[in-house]
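Structure first, commentary second.
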Amino acid sequence: MDTQTSLHHANRKVMNRHDLTRRLVARLHREEAVIGGIGNTNFDLWMTGQRPQNFYMLGSMGLACPIALGVALAQPGRGVVALEGDGSLLMQLNCLATIGAIAPANLLVIVMDNACYQITGAQPTATAARADLVAIAQGAGIANSHWAADEAGFEQLVERCLAQPGPHLIAARIDSQPATGTTERDPALIRQRFMRGIAVTT
Amino acid sequence: MRHDVTERQAAQAGTWHGTLHGVLKANAVRLFTYVPDRVLTPLIQGAHADPHFTTVAATREEEALGIVAGAWMGGMLGVLAMQTSGFATLPNALASLAVPYQIPLLMLISERGTLGEFNLGQAMVCRTMRPVLDALGVEHHTITRLDELTFIADRSIKQAVATQAPVALILSPLLTGGKVFG
Ligand SMILES: Cc1ncc(C[n+]2csc(CCOP(=O)(O)OP(=O)(O)O)c2C)c(N)n1
């Protein structure tokens, strides 16, 4: 585990989104809800198997964390995970301050930081320069924010965050591989499955 | 505490914000999110003071939209209160999240930019609001009279939930008094 925020990207271990997402999903034993952010993030979530408790966000770049916060407020007894890319989080950094202020105990944010907008042509994001998303999250009031040093560290952090009151944030430096597949594209069906998956009937 | 709430409600009876507060509660709206607006202040204060509501001060209207969408999927109906200028930041989130995912997002928009506006920017942004709502096929009503408020708000919320579609209630200065120069 690496709780230091002073390391620059170039010195962090590079992991892989699909591999880390599989490691996350393997540790979800209590029907935790997972909100996958735009593009690669939700595509790789989809490719780990379509859990009914997964929500796939097909647009609305940057809103994975706010959606997850909403689910967490509605169902305080359920663990909720937001999976987001660095470019997406940078677009809505303000949501970290809101999460810091509300401090939902059942919310975990996971950032897959490839230092680029991979899906639109791999243009560099600000994390390729100097921005450190863990430091930003800590500054926003999410004290339990950590970099995953390697795969084993990521697994330990996930287990700890799911077991202890949050909010938490885990960031992982990842390679610039695209996702391993894509989701289906029917928003209403995605919502219905998700709502059933988290036991909501309308 | 409870006594306070009752007193506050009594004081609010007969006001637009007290009426709206009651309509939201009667329709099991439990989440109140907002980005501040001067005219909305008494409605926001009423929500904060009432433990019935989970009240979230959001930093951007898009963020609040995401929170309301997530809460709805988790079983909690919510409202997003904002100003005209705040609505103008929402088209992408409406078009890619609330509308296609069929989320009954309840929007309360305090209308700036008309009937005595003193800020040119507000007047211009106001002109984009109804065309955007129309382009997205989002039901909207402009409420100008206290005696119509309960009917319009109550029916609109019920329709939004029944048809799983967003709705916008535009609170005209004719209803709220609006914001005046000086
Ligand atoms: C509001 C908005 N702006 C821009 C886009 C185009 N866009 C789609 S995905 C994306 C990049 C996402 O980057 P990141 O979250 O870092 O994920 P990655 O592609 O690197 O996995 C962009 C810019 C969009 N969909 N919506």
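List of remarks:
- Selected from B:G113, B:G46, B:G75 as most flexible by GNM, with chain B as the system and alpha-carbon contacts under 10 Å: B:G75
- Here the accessible area of the protein assembly as shown is 53 percent carbon and sulfur, with a 1.4 angstrom probe and all protein chains present.
- Fluctuation leader among B:L97, B:L40, B:L106 - chain B, Gaussian network, Cα springs under 10 angstrom: B:L97
- Within chain B, helix-based [θ] at 222 nm, where runs of 4 or more DSSP H residues each add -39,500 (n - 2.57), nearest 500: -14000 deg cm²/dmol
- Per residue, the solvent-accessible area of segment B:28-127 (1.4 Å probe, heavy atoms of protein chains only, all protein chains present) comes to 30 Å².
- About its Cα centre, the dipole of the protein assembly as shown is roughly 360 debye, where the only charges are +1 on Lys and Arg Cβ and -1 on Asp and Glu Cβ.
- When chain A is treated as a Gaussian network with alpha carbon springs shorter than 10 Å, the biggest mean-square fluctuation among A:A188, A:A64, A:A101 belongs to A:A188.
- In straight-distance terms, cross-link reach from B:K158 covers every one of the lysines whose alpha-carbon lies under 28 Å from its own, apart from those fewer than eight places away in the same chain; here that gives B:K25.
- With contacts taken as Cα pairs under 8 Å at a separation of at least 6 residues, segment B:64-182 carries a relative contact order of 30 percent.
- Rounded to 5, the percent of DSSP beta bridges in the protein assembly as shown classed as antiparallel: 5
- Chain A, helix-only ellipticity at 222 nm - DSSP H runs n ≥ 4, -39,500 (n - 2.57), divided by all residues, nearest 500: -10500 deg cm²/dmol
- Antiparallel content of DSSP bridges confined to chain A, in %, to 5: 10
- Contact order normalised by residue count of segment A:9-195, Cα under 8 Å, 6+ apart, percent: 29
- Mean shadow area of the protein assembly as shown, taken as a quarter of the surface of its Cα convex hull (nm²): 19.1
- Solvent-accessible area of A:R17 with every protein chain in place, 1.4 Å probe, in Å² to the nearest 10: 10
- Delta accessible area of at least 50 Å² on complex formation, residues of segment B:58-84, 1.4 Å probe, chain isolated as reference: B:E63, B:I67, B:M73, B:G74
- Separation of alpha-carbon centers, segment A:123-175 and segment A:49-101, rounded to whole Å: 14
- Interface area, B with A, accessible, probe 1.4 Å, both sides summed, Å² nearest 100: 2100
The values are calculated or read from the model by the stated rules, or taken from the named source; none is laboratory data. Since the structure is predicted, the reported quantities are computational estimates derived from the model, not experimental observations. Using ideal geometry, Cβ is built from the backbone for each residue, glycine included, and neighbour counts are taken over all protein chains shown. Just the protein is used for accessible areas: all its heavy atoms, side chains included, with ligands, DNA and RNA removed. Shrake-Rupley method; radii C 1.70, N 1.55, O 1.52, S 1.80 Å.
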